[in-house]
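> Below are the structure tokens for one structure; questions will follow.
The values are calculated or read from the model by the stated rules, or taken from the named source; none is laboratory data. Please read all numbers here as calculations on a predicted model, not as lab measurements. Every residue, glycine as well, gets a Cβ built from its backbone with ideal geometry; the counts of neighbours run over all protein chains shown. Note: areas computed on protein heavy atoms with side chains; ligands, DNA, RNA excluded. Shrake-Rupley method; radii C 1.70, N 1.55, O 1.52, S 1.80 Å.
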Amino acid sequence: MESPDFDLSFTPAHGEAVAIAQGVWRITCNNPSPFTFHGTNSYIVGRGRQVAVIDPGPEDEAHFEALMRALAGRSVSHILISHTHRDHSPLAGRLQAETGAKTVAEGPHRPARPLYAGEVNPFAESSDHDFRPDIALGDGEAVEGDGWRLSAVHTPGHTANHCAFALDGTGILFSADHVMAWATTIVAPPDGSMADFMASLDKLLSRDEDRILLPGHGGPVADPPAFLRALRTHRRMRERAILERVRAGDSDIATMVKAIYARTDPRLHGAAALSVLAHLEDLVERGEVKTEGPPALTGHYHTG
């Protein structure tokens, strides 16, 4: 597979708890957008009366009520947060107040690198800077409850604190926004890092135990190794396309986006520009592209 075979057939069933596997239910928030597909997926994990919730989602009354209906008669011991974008983490505070559960994540929100002088973080308002986990899980560390154990798999790239969670002994990996069946992931500096994202793809490819990926948006990835290889190839092809545009004389990101993303929804061109910047940051760091000063959206790029 040279490029990912994206699956757009997902049926969200907003507000309903959908059984995905034994002891795993998905509830999709009704917050669709070009960036969230049909909405944010929250997951309930556990076969007994004590369960965990992964990514409770945004501040949304209907979604909160749907979660509470699905949790009726069960206790929640842990609320796991894959990363701190506002479509994933803000409802954790209200759910914790209602259930008394501990919050768990890699850590609080932070950029992948410091902002340069005069730089504005375009995703600042989309990030949950208030969230602080009760438990900061190191890579490979785990929390467990009644018949389940969730291990942290650090996957920085989309954000610096992005973390996937493996449901030990099942082959299920909750991949959040790092790998999704419906689209490629936005990697937007300074929150995101393309070098980190590619390293995280390689990390998942090195894992033999994952049989299905359950993402933060859209449906499952049923064949993780093939999809991950195709996703890595797709990113490398995008990198080559950017390098070719620079070699052809396109010196600014806006011109590159018009050429490379000509068939992409114009509403996504802003995000595409940030993705191009992420690739250019990596290319500059590796010495394949040059620019004056740090890489920037308004910078000029060349290979000479």
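> Within the stretch 128-143, which residues are out of contact with any Gly (no Cβ under 8 Å at 6 or more places or on another chain) and in a strand (DSSP E or B)?
Hits for the stretch 128-143 are 135, 142, 143.
> Working carefully through the options 255, 184, find the one that is within 30 Å of residue 56 (Cβ to Cβ) and either out of contact with any His (no Cβ under 7 Å at 6 or more places or on another chain) or assigned to a loop (DSSP other than H, G, I, E, B) (or both). Break it down stepwise before answering.
Working: 255 fails: within 30 Å of residue 56 (Cβ to Cβ).
Result of the check over 255, 184: 184.
> How many residues does the stretch 68-78 contain that are surrounded by 19 or more Cβ atoms within 10 Å (Cβ to Cβ) and either among the hydroxyl-bearing types (Ser, Thr, Tyr) or within 17 Å of the chain's Cα centre (by Cα) (or both)? Quick ask: steps written out before the conclusion?
In the first step, residues of the stretch 68-78 are kept if they are surrounded by 19 or more Cβ atoms within 10 Å (Cβ to Cβ); the result is 70-71, 76-78.
Filter again for either among the hydroxyl-bearing types (Ser, Thr, Tyr) or within 17 Å of the chain's Cα centre (by Cα) (or both), leaving 77.
Residues meeting the conditions: 1.
> If you take the residues of the stretch 259-304 that are open to solvent by less than 50 Å² (accessible area, probe 1.4 Å), part of a loop (DSSP other than H, G, I, E, B) and β-branched (Val, Ile, Thr), which of them is farthest from residue 184 (Cα to Cα)?
Here the answer is 289.
> Under 8 Å between Cβ atoms, at least 6 apart or on separate chains: pull out the pairs that start in the stretch 190-214 with a residue that is more than 17 Å from residue 285 (Cβ to Cβ) and end on any residue that is among the acidic types (Asp, Glu) and surrounded by fewer than 19 Cβ atoms within 10 Å (Cβ to Cβ).
Note: no pairs meet the criteria.
> Taking the stretch 64-108 on its own, how many of its residues are under 21 Å from residue 215 (Cβ atoms), out of contact with any Pro (no Cβ under 6 Å at 6 or more places or on another chain) and in a helix (DSSP H, G or I)?
3
> Kindly check whether there is at least one residue in the stretch 44-60 that is touching a helix residue (DSSP H, G or I) at 6+ places or on another chain (Cβ under 8 Å), crowded, with 21+ Cβ neighbours inside 10 Å and either among the polar types (S, T, N, Q) or at positive phi (or both).
Within the stretch 44-60, one or more residues are touching a helix residue (DSSP H, G or I) at 6+ places or on another chain (Cβ under 8 Å), crowded, with 21+ Cβ neighbours inside 10 Å and either among the polar types (S, T, N, Q) or at positive phi (or both).
> Determine, yes or no, whether residue 256 is of a type in the set (A, V, I, L, M) and open to solvent by 20 Å² or more (accessible area, probe 1.4 Å).
no
> In the stretch 216-234, which residue that is open to solvent by 10 Å² or more (accessible area, probe 1.4 Å), part of a helix (DSSP H, G or I) and of a type outside the set (A, V, I, L, M) is farthest from residue 279 (Cα to Cα)?
This residue is 225.
> Next question. Please verify whether residue 243 is farther than 23 Å from residue 34 by Cα, in contact with a helix residue (DSSP H, G or I) (Cβ under 7 Å, 6 or more places away or on another chain) and hydrophobic (A, V, I, L, M, F, W, C), treating the condition exactly as stated. Spell out how you get there, then give the answer.
Details: farther than 23 Å from residue 34 by Cα: yes; in contact with a helix residue (DSSP H, G or I) (Cβ under 7 Å, 6 or more places away or on another chain): yes; hydrophobic (A, V, I, L, M, F, W, C): yes.
Considered against the rule, which asks whether it is farther than 23 Å from residue 34 by Cα, in contact with a helix residue (DSSP H, G or I) (Cβ under 7 Å, 6 or more places away or on another chain) and hydrophobic (A, V, I, L, M, F, W, C), residue 243 comes out as yes.
> Quick one: count up the residues across the stretch 165-187 that are of a type in the set (A, V, I, L, M, F, W, C) and over 26 Å from residue 103 (Cα atoms).
Applying the first criterion (of a type in the set (A, V, I, L, M, F, W, C)) to the stretch 165-187 yields 165-167, 172-174, 176, 179-183, 186-187.
When the remaining residues are screened for being over 26 Å from residue 103 (Cα atoms), the result is 181-183.
Result for the stretch 165-187: 3.
> Would you please name the residue that is nearest to residue 24 (Cα to Cα), looking only at residues in the stretch 145-165 that are open to solvent by 10 Å² or more (accessible area, probe 1.4 Å) and in contact (Cβ under 8 Å) with a residue 24 or more places away in the chain? Let's see the steps before the verdict.
Initial filter on the stretch 145-165 (open to solvent by 10 Å² or more (accessible area, probe 1.4 Å)): 145-149, 151, 154, 156, 158, 160.
Right, trim to in contact (Cβ under 8 Å) with a residue 24 or more places away in the chain and you get 145-148, 154, 156, 158, 160.
Values: 145: 14, 146: 13, 147: 12, 148: 10, 154: 21, 156: 25, 158: 25, 160: 27 Å.
Ranking the candidates gives 148 first.
> Do we have any residue at all in the stretch 103-115 that's of a type in the set (A, V, I, L, M, F, W, C) and open to solvent by 10 Å² or more (accessible area, probe 1.4 Å)?
First, the residues of the stretch 103-115 that are of a type in the set (A, V, I, L, M, F, W, C): 104-105, 112, 115.
Add one more test, that the residue is open to solvent by 10 Å² or more (accessible area, probe 1.4 Å), and what stays is 112, 115.
Yes, the stretch 103-115 contains a residue that is of a type in the set (A, V, I, L, M, F, W, C) and open to solvent by 10 Å² or more (accessible area, probe 1.4 Å).
> What is the one condition in (1) buried (at least 19 other Cβ atoms within 10 Å of the Cβ); (2) under 25 Å from residue 275 (Cβ atoms); (3) of a type outside the set (Lys, Arg) that residue 122 does not satisfy?
(1)
> Look through 205, 243, 213 and report the one residue that is modelled with pLDDT of 95 or more, hydrophobic (A, V, I, L, M, F, W, C) and crowded, with 18+ Cβ neighbours inside 10 Å. Steps first, please.
Numbers: 205 fails: crowded, with 18+ Cβ neighbours inside 10 Å; 243 fails: crowded, with 18+ Cβ neighbours inside 10 Å.
Answer to the check: 213.
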